[in-house]
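Colleague: Next up is a structure, given as structure tokens.
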Amino acid sequence: MNREKKKSKFKKGVIVSTLVFLSLVVIGASYALFSQILYGQKKYVLESGGLKVYLDESKHDTNITVSNSLPVLDETGIKNDAYNFSLVNEEAEDLEYTIYLKEDEVENKTPAEVIRYYYTRDVDNIKKIRGMTEQQDEEGNYFLETGVLPAKSTYNYTFRMWLSYEADESVMGTKYSVHLEVNAKQSLYVYKEEALNGCDPVLSANLVPVMIESDGTVKKTSLGKKWYDYTNKEWANAVVLVDDTKEYTEGEVIPEANIESYFVWIPRYKYKIFNDTVYTGVTTLENRVQEIEVEFENKETAKSTGTTTGSWLTHPAFVSFDTNGFWVGKFETGYKGATSTETAQVNSSAPEKLQIKPNVYSWRNITVGNAFKASYDYLRSDESHMMKNTEWGAVAYLQHSKYGSSMSVRNNNNRSYKTGYASVTEPTLGYNSGTSIEGNKNGTTSDVTLPYNTPTGYTASTTGNITGIYDTSGGAWEYVMGYNINANSVGGSSELTSIYGDFFTNSRWEKYYDQYSNAEVDASKYQTGLLGDATREMGPFGTVKDPDGSSRYRTSWYGDLASFVNPVNPWFERGGFWAYGVQSGVFGVSYSSGGVNTSLSFRVVLTP
């Protein structure tokens, strides 16, 4: 998992003829300088990395010059003889480039202010007329164009220059001369989405950026391509390979057999607080569902610190690791090699058994301690860890913003605890005449279910399409790192203290879990819920009686289950499980001891 990235070989070059000067400057981590004077060659090409600049062979004995010319109108100037050149990218990746015009030192120089030029680019029929001084940088160079030269492509240019019709007699008999300079960044062009405000995905050597087609086909993507679009609810995906020595080219299919784990990027954001009420018990349920206002902001921006409804708060999930975002396991964590529901029930901390894939058995019956250690040891170089309660909240709030599906996430009702499935029937219907639509808690009814890469499967995604996160509603309950510090016994049944003796006493561990302080043994006491963790903000809370006669606490957001941690059961679990129907949901929350349970799994987060 520690494969080094390949280093590009950069060169810096200058090509000069007696009257035509063209310099290609390549920026990179390392380079060699070379120059060449051309006399009489038939082909004028400068090559550096994969970028080539072709000069106009027929014009090599003339400079780009206006000399002893009469002023002319633009419609005449654009018909002058053209200086031609081409940019060719032979790389498999896009390259960023800039073209400048630089003044030559000549006697009796014409003022640049009275020079005009016209250039064209063939590939997209660009045609522009400008005054020479309209776009000038601080160094006095005249900017012509900047852009991205796509992989395996060519741009052909024509360039013409003339004396403006507005020039007076004082410039008659003078001369003006320029040459081209092409500045090409060999560090590859990287796509950025404006709406993310600098919180674009952060990749490591372990993560391969991919695009997932609607049928689930995974293809390696170029960082220069538009491979995510949060504005249109298309979240960035990346995979960890089984064999990371295998190299894939842009657009090449990555076989499922070589994918160990899928991850989805959650960009850093602030949100407008929508409910600052402190709930100390149950009252009456209301329909409080609304779109959550979110604005992306990078970590260099001063944090928003609101505490009241209508004020803005930088989501706390991004603060403890001081990141521009984090990668979330796309599915519940699976147990590698499991061939049945039962064989995925293993209480161990072996990170090599960890996988995050669709259509695998969730790793369950594991303590919080072993789930944390397996997650922590999985990809240490990428700061891997078990998902925190606030990180779950960050996903939930983004899901219910304009950047997510903003609706109830469909239940994964696969009773075998397979990842990435969706109920055929909308789970918000809940119980129907005393019978669960897709399976009740006793597992006595049909569990018709479809996988993630189908139109029905998309409804179980946080985006409503295949780019989102799955299993946040139903599947298995998921332990998260949210802990009641007033637990009757330190760590509850989590086994954390037997694995890490200083876990609750050494401050180095504090960023890996959220702390709560309820002292009462009452699951309806929500007052210590944190802003952003999708607990008390989902109130008011009430009770609903199920067909079996039992009453459960519910949120005012889709009626998801809402039981809060307490000293007896100090660990949070999120999302519900496959048999809970309407009670399962991305806003669902309950409690547990931290010990083993066949319906409890966990999720992994990376913060490279």
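Colleague: Report the percentage of all Cα-Cα pairs in the range 110-214 whose separation exceeds 20 Å, rounded to a whole percent.
Modeller: For the range 110-214, the share of Cα pairs beyond 20 Å comes to 61 percent.
Colleague: Please give the contour-minus-distance gain from Thr505 to Glu107: 0.36 nm per residue of separation, less the Cα-Cα distance, rounded to one decimal in nm.
Modeller: Result for the pair: 135.5 nm of gain on full extension.
Colleague: Where Lys and Arg each count +1 and Asp and Glu each count -1, what net charge lies around Pro351 among other residues with Cβ under 12 Å from its Cβ?
Modeller: That works out to +1.
Colleague: Under a Cβ-Cβ cut-off of 14 Å, what is the net charge of the residues other than Thr555 that fall near it, where Lys and Arg count +1 and Asp and Glu count -1?
Modeller: Summing Lys and Arg as +1 and Asp and Glu as -1 gives +1.
Colleague: Next question, about the same structure. With a 1.4 Å probe and every protein chain left in place, work out the accessible area per residue of the range 189-287 in Å², rounded to a whole number.
Modeller: 41
Colleague: In debye, nearest 20, what is the charge dipole magnitude of the chain about its Cα centre with +1 on Lys and Arg Cβ and -1 on Asp and Glu Cβ, if you could check?
Modeller: Magnitude of the dipole: close to 1240 debye.
Colleague: Filter the trypsin sites (Lys or Arg not before Pro) in the range 105-213 to those in DSSP coil with at most 16 other Cβ atoms within 10 Å of their Cβ, and list the result.
Modeller: Passing both the DSSP loop test and the Cβ count: Lys152, Lys192.
Colleague: Show Ser67, Ser423, Ser348 ordered by accessible area, largest first, where the area counts protein heavy atoms only and the probe is 1.4 Å.
Modeller: So the residues, ranked largest to smallest area, are Ser67, Ser348, Ser423.
Colleague: For the range 260-351, state the average projected area of the convex hull of the C-alpha atoms over all orientations, rounded to one decimal in nm².
Modeller: Approximately 10.1 nm², given one-decimal rounding.
Colleague: Could I ask something else about it? Among the GluC sites (Glu not before Pro) in the range 297-350, which ones are in a DSSP loop with at most 14 other Cβ atoms within 10 Å of the Cβ? Mind listing them?
Modeller: Answer by residue number: Glu300.
Colleague: Where does the chain land at 222 nm, in deg cm²/dmol rounded to the nearest 500, when only DSSP H runs of n ≥ 4 count, each adding -39500 (n - 2.57), divided by all residues?
Modeller: Result for the chain, helices only: -1500 deg cm²/dmol.
Colleague: Determine the shape class of the range 315-356: with a ≥ b ≥ c the square roots of the Cα gyration tensor eigenvalues, call it rounded for a/c under 1.5, and otherwise prolate if a/b is greater than b/c, oblate otherwise.
Modeller: Here the range 315-356 falls in the prolate category.
Colleague: Residues of the range 584-602 with backbone nitrogen within less than 14 Å of a virtual label 7 Å along the Cα-to-Cβ line of Val568, please, listed as ranges.
Modeller: Of the residues in the range 584-602, 591-594 have backbone N under 14 Å from the label point off Val568.
Colleague: Let me ask you something else. Quick check: net charge around Lys128, other residues with Cβ under 14 Å of its Cβ, Lys/Arg +1 and Asp/Glu -1?
Modeller: Value of the local net charge: 0.
Colleague: Can you grab the distance from the C-alpha centre of the range 541-608 to the C-alpha centre of the range 455-479, Å, no decimals?
Modeller: 16
Colleague: Related question: Assigning unit charges at the beta carbon (Lys, Arg +1; Asp, Glu -1) and nothing else, what dipole magnitude in debye, to the nearest 20, does the range 58-137 show about its Cα centre?
Modeller: Here the size comes out at about 500 debye.
Colleague: Can you compute the modelled spin-label distance between Asp81 and Lys152, with each label point 7 Å from Cα toward Cβ, in nm?
Modeller: It is 3.8 nm.
Colleague: Counting only the backbone N, which residues of the range 399-416 are under 20 Å from the spot 7 Å out from the Cα of Thr454 toward its beta-carbon?
Modeller: Hits in the range 399-416 for Thr454 at 20 Å: 409-416.
Colleague: Let me ask something else. Of Lys233/Lys373; Lys299/Lys357; Lys152/Lys225; Lys299/Lys525; Lys270/Lys299, which ones are farther than 22 Å apart at the Cα?
Modeller: Lys233/Lys373; Lys299/Lys357; Lys299/Lys525
Colleague: Which label belongs to the value computed from this structure, given these candidates for Rg and Dmax of the Cα atoms in Å: [x] 35.9, 120; [y] 30.8, 101; [z] 24.3, 75?
Modeller: Recomputing Rg and Dmax of the Cα atoms in Å here picks out [y].
Colleague: Also, quick follow-up: Find how many whole Å separate the alpha carbon centroid of the range 334-348 from the alpha carbon centroid of the range 173-241.
Modeller: When both Cα centres are located, 37 Å separates them.
Colleague: Given a 1.4 angstrom probe, I'd like the percentage of the accessible area of the chain that is carbon and sulfur, rounded to a whole number.
Modeller: The nonpolar share, carbon plus sulfur, comes to 47 percent.
Colleague: To continue, here is another question. Cα extents of the range 497-568 along the three principal axes, largest first, in whole Å?
Modeller: 45, 25, 19
Colleague: Also, I was wondering about something else. Taking Cα atoms of the range 169-301, Rg/Rh with Kirkwood Rh, to two decimals?
Modeller: Dividing the radius of gyration by the Kirkwood radius yields 1.24.
The values are calculated or read from the model by the stated rules, or taken from the named source; none is laboratory data. Bear in mind that the values here come from a model prediction, so they are computed numbers and not experimental data. When we count neighbours, we look across all protein chains shown, and the Cβ atoms used for this are built from the backbone with ideal geometry, even at glycine. Ligands, DNA and RNA are stripped out before the accessible areas are found, and what is left, the full protein with its side chains, is counted by its heavy atoms. Shrake-Rupley method; radii C 1.70, N 1.55, O 1.52, S 1.80 Å.
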